[in-house]
Amino acid sequence: MRLGAAVATAFACGLLFASSIDLTRFGFAQEGKGTKVAPAQVQSLAETGNAFEAIADHVTPSVVSIQIQRVRQVRGRDPRQPGTMEDFFRNFEQQGPPREQSQEGTGSGFIVSKDGYILTNNHVVADADKVTVTLLDKRTFTAKVIGRDPTTDVAVIKIDGSNLPVASLGDDNVSRVGQWVVAIGNPLGLDFTVTAGIISAKGRPLPGLLEPTAGRYAITDYIQTDAAINPGNSGGPLVNIRGEVIGINSAIASQTGMYAGYGFAIPVTLAKQVMDDLLAYGKVRRSVIGVAINPASPEEAKAAGLDQVTGVVVGSYSYGADSVSPAKNAGIEPGDVIIAADGKPIDRVSTLQRIVRSHKPGETVSFDVMRFGSKKTYRVKLVEAPDETRAVASASRSSVDEGAPSESRRFDKVGIAVEPVSAGLRAVVAEPYRRGLVVSDVSAMGPSYRKLTADQTVLYEVLNPGPRRVLHTTGDLDAVLSRLKAGDLVTFLVYDIAPQGQQGSTRAVTVRVQ
């Protein structure tokens with residue numbers, strides 16, 4: 001009894017002591033009222049709610065609902081009508097004359113000028129025969145497509161009006177991950193819907209998102225957000241807490257086609273550049289330096305002499321079949337890692353693309369590169385990207401008689417087997433690369449896996465280490481690899497074979513010796 005009394009007395013004294021220094025209020029657990037929100041927190045939440053209300057009131061009138069109509073020529077019965085067994089067998093008979101069938105779609109956009117220019121997505125209005133725009137106040141207009149750019153998925157349309165409500169354009173470059181944003185659009189037939197979230201990430205590369213017509217000059221540099229975006233939101237604005245548009249909602253990451261937690265928006269500064277070109281020239285004037293680039297891998301960054309993995313590696317020259325790459329003219333080589341452009345650091349492919357695209361063709365931009373331990377600076381005169389023409393393969397490479405291989409040899413240090421280019425393959429390998437070594441096998445557990453492809457890659461030259469060496473025989477490759485030990489890096493200039501009738505390409509590949 002004395003022990004129990006002592007414990008109870010000690011517990012009571014502890015509560016009194018704690019309450020005296022404001023650690024725990026006496027009787028808190030017994031009250032059962034939960035934690036109270038401080039007045040300052042209540043005020044902060046109220047201010048945030050008021051900000052969302054102000055954004056919705058200010059921006060929504062400038063948002064539009066877009067309905068598109070496409071007319072297609074089809075044969076056979078109307079697929080929307082129920083069919084009979086007789087209709088089924090009739091489908092195998094010779095069809096009658098084609099008839100018109102209408103396809104409809106919806107999307108969003110936002111007005112950027114009082115006289116009716118509207119920003120939206122290319123994929124919303126692509127190939128549309130009729131575009132109808134509806135405003136928040138129920139006014140309806142027929143819109144004209146001013147211009148489209150598949151490489152950025154941006155389009156500009158125009159309605160005839162005056163003193164229309166206009167959205168304010170902000171600067172996505174100063175936006176930061178974690179900031180509040182609001183998405184406004186017309187998802188799933190629900191007009192002028194407002195959702196809120198935060199910026200989840202910036203500079204997201206999603207190359208598979210754009211349609212095939214985007215070509216090799218496509219820029220994929222998305223703002224990622226968890227504000228709910230669904231089909232129909234495409235083309236609508238992503239707005240910061242100040243009511244400024246910082247992006248055009250464009251896509252979602254989902255297995256079902258519906259919102260699953262992440263949406264993606266095109267940065268508005270990029271969209272504005274596209275819009276300005278479309279209005280000034282009727283097309284987008286894309287500035288390029290004429291190289292194919294990829295993010296630098298840890299091996300490529302180390303081979304270049306960098307202490308951290310950053311920059312983009314130059315894989316090959318790419319500027320038209322009959323034109324010389326401006327980067328090649330300036331002195332940039334495959335295997336170089338570009339670490340800065342126009343005085344700005346390069347951390348990813350999209351960063352370099354946007355810097356180059358911010359300049360007009362004919363302007364000169366400086367590039368800082370790392371070349372196997374040496375830093376160099378080159379000034380490149382930008383040129384306008386050529387129109388891309390897609391060659392149709394007259395025959396696939398598999399249909400070519402490759403002839404009998406000779407002098408095949410395996411190099412376990414890099415996990416490949418190589419042999420001279422056969423007589424059959426020479427038809428699809430350009431000069432001078434047909435005098436190189438074709439990769440005949442790649443070990444799935446080797447360091448070249450996913451970097452080189454059997455029967456599709458030709459090793460032509462060793463760029464590093466040591467003096468550059470062209471690979472004409474397996475003995476040439478053996479002479480290089482025999483000097484390297486496990487952990488060393490070797491950089492090859494390789495030629496990627498394309499189907500006959502198409503143009504192959506070169507790139508630099510760095511492999512860690514095992």
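A short reminder: the numbers here are calculations on the coordinates, not readings from a lab. All values derive from a computational prediction rather than experimental measurement. Here Cβ is always computed from backbone atoms with ideal geometry, including for glycine, and neighbour counts include all displayed protein chains.
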Hits in region 328-344: amide N under 12 Å from the 7 Å Cα→Cβ extension of Thr364, namely 330
Taking R0 as 60 Å, what FRET efficiency do you get between Asp127 and Leu484 from their Cβ-Cβ distance, rounded to the nearest 0.05?
0.65
Go ahead and collect, in residue order, the members of region 275-299 whose backbone nitrogen is under 14 Å from a label point 7 Å along the Cα-Cβ direction of Asn329.
288-291
Highest first, please rank the peptides 502-511, 473-482 by the mean number of other Cβ atoms sitting within 10 Å of their residues.
502-511, 473-482
What distance in nm lies between label points placed 7 Å from Cα along the C-beta direction at Gln308 and Tyr281?
3.5
Full extension between Arg176 and Gln514 adds, at 0.36 nm per residue less the Cα distance, a length in nm of 117.5 nm
Pair Arg70, Ala54: separation of 7 Å Cα→Cβ label points (nm)
4.2
Taking 7 Å along the Cα-to-C-beta vector as the label spot, tell me the Ile198-Lys138 distance in nanometres, rounded to one decimal.
4.1
Using the number of other C-beta atoms within 10 angstrom as an exposure proxy, rank Phe264, Phe192 with the fewest first.
Phe192, Phe264
How do 228-237, 151-160, 449-458 rank on mean C-beta neighbours within 10 Å, highest first?
228-237, 151-160, 449-458
With a Förster distance of 22 angstrom and the Cβ-Cβ distance between Arg435 and Arg468, calculated FRET efficiency to the nearest 0.05 equals 0.90
For the pairs Lys413/Lys451; Lys272/Lys344; Lys158/Lys283; Lys202/Lys376; Lys302/Lys451; Lys344/Lys381, flag any whose C-alpha to C-alpha distance is greater than 26 Å.
Lys202/Lys376
The exposure ranking of Glu384, Glu47, fewest beta-carbon neighbours within 10 Å first, is Glu47, Glu384
